[in-house]
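Written out below as structure tokens is the structure these notes cover.
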Amino acid sequence: MAKKQWILLVVAFVLAVVYVCYFTNWFKPKFIQISYTERFLPSRIPSQARLPVVLFGFGGQRYRLSEIKVVPLTAWQTNQSVSPIWHLIANSRSAPAEVFRYGENLRGMKSAVPGTRPEPLETNVVYRLFVRAGRLKGQCDFQLGGRPATTSPKQ
């Protein structure tokens with residue numbers, strides 16, 4: 001091959017590498033997008049009739065969750081090993097989930113600390129939800145009584 005052909009081949013290869021790195025999602029980290037909403041659902045327990053239910057969704061995607069953890073954001077920012085107020089782990093293979101509510105026992109998951117129950121959420125306290133599904137991770141900041149002042153950074 002002539003020198004000119006080798007140079008053209010190298011330039012074409014460099015352009016292909018640049019295209020793959022900047023215009024495709026092959027090397028970008030993947031994360032789970034999480035949204036939440038509050039709903040006032042009817043309750044059979046009169047004392048909980050006015051408490052909203054927090055629903056989390058994955059935008060139509062279904063994931064086999066490995067871990068769910070909720071911590072108060074201010075406590076987590078000062079100490080990342082703060083004990084969670086709700087923590088589930090997969091005991092075998094969890095069922096695919098598209099939507100779940102705070103405190104729900106998901107099929108195929110169990111409490112990380114046996115015998116613990118999720119603590120009730122307080123109004124105007126910002127919480128952070130961490131979700132893991134295999135190697136994929138996601139997080140979402142939420143609070144009862146409105147949207148949090150800051151949103152969580154994308155991972």
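The values are calculated or read from the model by the stated rules, or taken from the named source; none is laboratory data. Bear in mind the structure is a predicted one, so any value in this text is a computation, not a measurement. Neighbour counts run over all protein chains shown; Cβ positions are idealised from the backbone, glycine included.
Hey, among GLU67, GLU38, which residue is surrounded by 10 or more Cβ atoms within 10 Å (Cβ to Cβ) and modelled with pLDDT under 90?
Details: GLU67 fails: modelled with pLDDT under 90.
Just one listed residue meets the conditions, GLU38.
To keep it simple, each residue is scored yes or no on (1) surrounded by 12 or more Cβ atoms within 10 Å (Cβ to Cβ); (2) modelled with pLDDT of 85 or more.
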residue	(1), (2)
PHE27	no, no
LEU55	yes, yes
TYR63	yes, yes
GLN80	no, yes
SER94	yes, no
PHE100	yes, yes
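Is it fair to say LEU51 is at pLDDT below 90 and buried (at least 16 other Cβ atoms within 10 Å of the Cβ)? Even if it seems obvious, please write down each step before you answer.
Working: at pLDDT below 90: yes; buried (at least 16 other Cβ atoms within 10 Å of the Cβ): yes.
Criteria met by LEU51.
Among what's in the range 103-117 and is in contact with a Leu (Cβ under 9 Å, 6 or more places away or on another chain) and closer than 12 Å to LYS69 by Cβ, pick the residue that is surrounded by the most Cβ atoms within 10 Å (Cβ to Cβ).
Out of the qualifying residues, it is MET109.
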